[in-house]
1. Got a sec? Which of B:200, B:175, B:154 is away from DNA strand C (no atom under 16 Å from the Cβ) and among the aliphatic types (A, V, I, L, M)?
2. Considering the range B:114-158 alone, what residues qualify as being closer than 30 Å to residue B:78 by Cβ, facing another protein chain (nearest Cβ under 10 Å) and either modelled with pLDDT under 95 or exposed (fewer than 15 other Cβ atoms within 10 Å of the Cβ) (or both)?
3. For the range B:78-108, give me each residue that is more than 8 Å from every other protein chain (Cβ to nearest Cβ) and either among the β-branched types (Val, Ile, Thr) or in a helix (DSSP H, G or I) (or both).
4. Any residue in the range A:190-210 that's farther than 14 Å from residue A:155 by Cβ and within 12 Å of DNA strand D (Cβ to nearest atom): show its pairings with residues that are of a type in the set (Ser, Thr, Tyr) and not in a helix (DSSP H, G or I) at Cβ separation under 7 Å, as long as the two are six or more apart or on different chains.
5. Select from the range B:196-210 the residues that are out of contact with any helix residue (DSSP H, G or I) (no Cβ under 7 Å at 6 or more places or on another chain) and either surrounded by 12 or more Cβ atoms within 10 Å (Cβ to Cβ) or not acidic (Asp, Glu) (or both) and list them in ascending order.
6. For the list (1) under 25 Å from residue B:99 (Cβ atoms); (2) touching a residue at least 24 places away in the same chain (Cβ under 8 Å); (3) in a helix (DSSP H, G or I); (4) in contact with a strand residue (DSSP E or B) (Cβ under 8 Å, 6 or more places away or on another chain), I need the number of the one condition that residue A:61 fails.
7. What residue, of B:228, B:184, is within 14 Å of chain A (Cβ to nearest Cβ) and either among the basic types (Lys, Arg) or more than 7 Å from DNA strand C (Cβ to nearest atom) (or both)?
8. Only one of B:64, B:50 is more than 24 Å from the chain's Cα centre (by Cα) and either closer than 17 Å to residue B:12 by Cα or buried (at least 18 other Cβ atoms within 10 Å of the Cβ) (or both). Can you tell me which?
There are 2 protein chains.
Amino acid sequence: MTRILVVDDERQLLRAMSINLRARGYDVDLAETGRRALELAASSHPDVVILDLGLPDLDGTEVIAGLRGWTQVPIIVLSARHTEEAKVSALDAGADDYVTKPFGMDELLARLRATLRRAQAGTGSEQPVVETDHFTIDLAATRVTRHGGADEEVRLTPTEWQLLEVLVRAGGKLVTGPQLLHEVWGPQYGTELNYLRQYVAQLRRKLEPEPSAPRYLITEPGIGYRFVAD
Amino acid sequence: MTRILVVDDERQLLRAMSINLRARGYDVDLAETGRRALELAASSHPDVVILDLGLPDLDGTEVIAGLRGWTQVPIIVLSARHTEEAKVSALDAGADDYVTKPFGMDELLARLRATLRRAQAGTGSEQPVVETDHFTIDLAATRVTRHGGADEEVRLTPTEWQLLEVLVRAGGKLVTGPQLLHEVWGPQYGTELNYLRQYVAQLRRKLEPEPSAPRYLITEPGIGYRFVAD
DNA sequence: GGCGGCCGTCAAGACGCCGTCAAGAACGCC
DNA sequence: GGCGTTCTTGACGGCGTCTTGACGGCCGCC
């Protein structure tokens, strides 16, 4: 399911967008302020952000910068300002598209599809299923099964799942502790390495054949963690 | 170097675009017809296509479809048509952005930068892998493997890794001792050459086929160290 | 030929990080 | 409102890493 975060201070527009997007099968989160938008982005991990620049609390580029500090999520900007300067500064701050108000819903939806298509072409095109000798991870279905004789499903808590997902999507690359904390707990975290120890241990108990001798969730001492699939 | 294919039937606009883009360091290919555009795209593999929809020979969506049949190159559409329907059909045909004429050059350039940024984020533009006869260093994954019969992974401590990374990124250039100390241990270090001796020796033990006769981690007496990849 | 500087090596203590256990707080479900 | 699960937070022991000092060999210089 594709999750969209819509940020705008006009309630009416927010409701209209929500209805239109939900009718087309998207999951929608709503925020009326920049702060709330940054919170929601950190907690719900949207696949794309639709961001009005005329927010009461934060400047538009501040919100963009706040997001770009820790995520590459696509950002489509809505704005009443038509000047080139406004467009250039928003795009260069990290926005992916810039739509001027008033806009047609059909056009916005088309730009949304184009943005999602481009974003997915980069990252999600790989197989979202990772299989090892001992378990299978289906990223799309959010499901993990252990191959212990009869396949049994493994229950993961939301936090455990997010952590596993970040590690798996890294594709065998090493992920540093602060980076994991940013992506799982949000941008304001970065030093709470004890969280990681806690949840990595839990994942190992649920997935590893020998939790005390990890084979898939590897610790790189002093740096971070790595997922290796045989 | 980034290569851009500009397709438009107005010579004047073509020339203006060409000058502007080349002034900013892009390589530019020009085409005045859809057929020529498809030929050029196939032969020169541009990094992005700027496509005017009002071409004499082919319909705009046909050109987009012709490109999308074999490449995911980003396409920025230029068009004099302002209707939503035109935008939707172009975007759904595979375009990444839609700019209506007349447009400002600054805006187009900003959208170009945004599109290129998004496209590069997906592909992992660099090639941070260094391979020698005896081992492979993957800077992105933070991993080193030795080619001793069966490839075995080499475990490096954080300090060892940072030191190796600085030397490798220098690209075969000589790096002085104080410079290495600055980059690995921090700006307040610069005289502790014994640290370097300690960790260079450790890296040689882990990587060199004959640690006593270094082949890759070379000492330049009185100056510093150098990494050479065969 | 003697001397000094630089580099490679070894060794030992201090320190930080990791895995683990445990308990309180927050949340959702019945 | 009670209960179970999940999340947060703290503490502790063990082990690996970092830091630091010392020594010997090689080379160039005087």
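1. Details: B:200 fails: away from DNA strand C (no atom under 16 Å from the Cβ); B:175 fails: away from DNA strand C (no atom under 16 Å from the Cβ).
The conditions single out B:154.
2. Within the range B:114-158, the first condition is being closer than 30 Å to residue B:78 by Cβ, and the residues that meet it are B:114-125.
Then keep just the ones that are facing another protein chain (nearest Cβ under 10 Å); that gives B:114-115, B:117-124.
Correct list: B:117, B:118, B:119, B:120, B:121, B:122, B:123, B:124.
3. B:83, B:86, B:89, B:90, B:93, B:99, B:100, B:105, B:108
4. That search, which allows pairs on different chains as well, returns A:200/A:225.
5. Start the filter on the range B:196-210 by keeping residues that are out of contact with any helix residue (DSSP H, G or I) (no Cβ under 7 Å at 6 or more places or on another chain), which leaves B:197-198, B:200-201, B:204-210.
Answer for the range B:196-210, where residues must be out of contact with any helix residue (DSSP H, G or I) (no Cβ under 7 Å at 6 or more places or on another chain) and either surrounded by 12 or more Cβ atoms within 10 Å (Cβ to Cβ) or not acidic (Asp, Glu) (or both): B:197, B:198, B:200, B:201, B:204, B:205, B:206, B:207, B:208, B:209.
6. (4)
7. Numbers: B:228 fails: within 14 Å of chain A (Cβ to nearest Cβ).
After applying the criteria, what remains is B:184.
8. B:64
The values are calculated or read from the model by the stated rules, or taken from the named source; none is laboratory data. Given the structure is predicted, the values throughout are model-derived calculations rather than measurements. Ideal geometry is used to build each Cβ from the backbone, glycine not excepted, and the neighbour counts take in all protein chains shown.
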